1. Which of rounded, prolate, oblate describes the stretch 26-97, given a ≥ b ≥ c as roots of the alpha-carbon gyration tensor eigenvalues and a/c under 1.5 marking rounded, otherwise prolate only if a/b is larger than b/c?
2. With axes computed from alpha carbons, what is the tilt in degrees of helix 138-158 against the longest principal axis of the chain, rounded to the nearest 10 within 0 to 90?
3. Where does each of 44-50, 61-67 land if you order them by average Cβ count within 10 Å, highest first?
4. At most 14 other Cβ atoms within 10 Å and a DSSP loop assignment: could you name the GluC sites (Glu not before Pro) in the stretch 81-146 that fit?
5. Of all accessible surface on the chain at a 1.4 Å probe, what whole percent is carbon and sulfur?
6. When the Kirkwood radius is taken over all Cα pairs of the stretch 73-159, what Stokes-Einstein diffusion coefficient follows at 25 °C and 0.890 mPa s, in µm²/s?
7. Once the cut-off is 24 Å, how many percent of the Cα-Cα pairs in the stretch 1-139 end up in the long-distance tail?
8. Using only alpha carbon pairs under 8 Å that are at least six residues apart, calculate the relative contact order of the chain and give it in whole percent.
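The values are calculated or read from the model by the stated rules, or taken from the named source; none is laboratory data. From a predicted model like this one, the values you see are computed outputs, not experimental measurements. In this analysis, Cβ positions are derived from the backbone assuming ideal geometry, glycine residues included, and neighbour counts consider all displayed protein chains. Please note that ligands, DNA and RNA were not included when accessible areas were found on the heavy atoms of the full protein model with its side chains. Shrake-Rupley method; radii C 1.70, N 1.55, O 1.52, S 1.80 Å.
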Amino acid sequence: MRREPANRISGKGLTVWRIHGVFYTLMVLVPAIAASVLAYIFDGPVWIYIVSAAVPVLMGYLLIGLFPKIRWQRWRYEVRETEIELQHGLFIVKRTLVPMVRVQHVDTSQGPILRKYGLAGITVSTAATTHEIPALQMEEADDLRNRISGLARVAEDDV
């Protein structure tokens, strides 16, 4: 059995995923507050208050505390001369090998939250699909993009 890929994504990626978790939790919190207010106005049953409190708390714990940590611990990647190996997953850990000869192009992307933390994601495109390595330091992302691009060109020349 192969060893797991050697490289991890940036620790700042954990912070970014937690910020995303805050946004998703807030999107659940607003309807929960609205349901509580309506239950109060219309003298609704007590279970509405309980559910309206429990769901955002549970979502916050999962999306801000637990899931980002597990996701960060499992995310690994390694770029070799002939392939890119990715490992990720929350409950089911998926390992993917992308042969260099299949790589068509490589992009870096950076949203506003990633930009604030100096991070970027890399997207590796093949004819069939795309694969992403999220939350790398910007310099590392640029270097990795250039390295993959160069290795893919060499692999294409060999075919």
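1. Details: a/c = 5.20, a/b = 4.54, b/c = 1.14.
It comes out prolate by the Cα gyration axes.
2. 40 degrees
3. On the way: 44-50: 11.9, 61-67: 14.9.
My ranking of the peptides, most packed first, is 61-67, 44-50.
4. Values: sites: E81, E83, E85, E132, E139, E140; in loops: E81.
Sparse-neighbourhood loop GluC sites (Glu not before Pro): E81.
5. Values: 6100 of 9750 Å².
Roughly 63 percent, rounded to a whole number.
6. Translational D for this selection: 184 µm²/s.
7. Numbers: 4404 of 9591 pairs.
Value for the stretch 1-139 (Cα pairs over 24 Å): 46 percent.
8. Values: 227 pairs, mean separation 35.0, N = 159.
Rounded, it is 22 percent for the chain.
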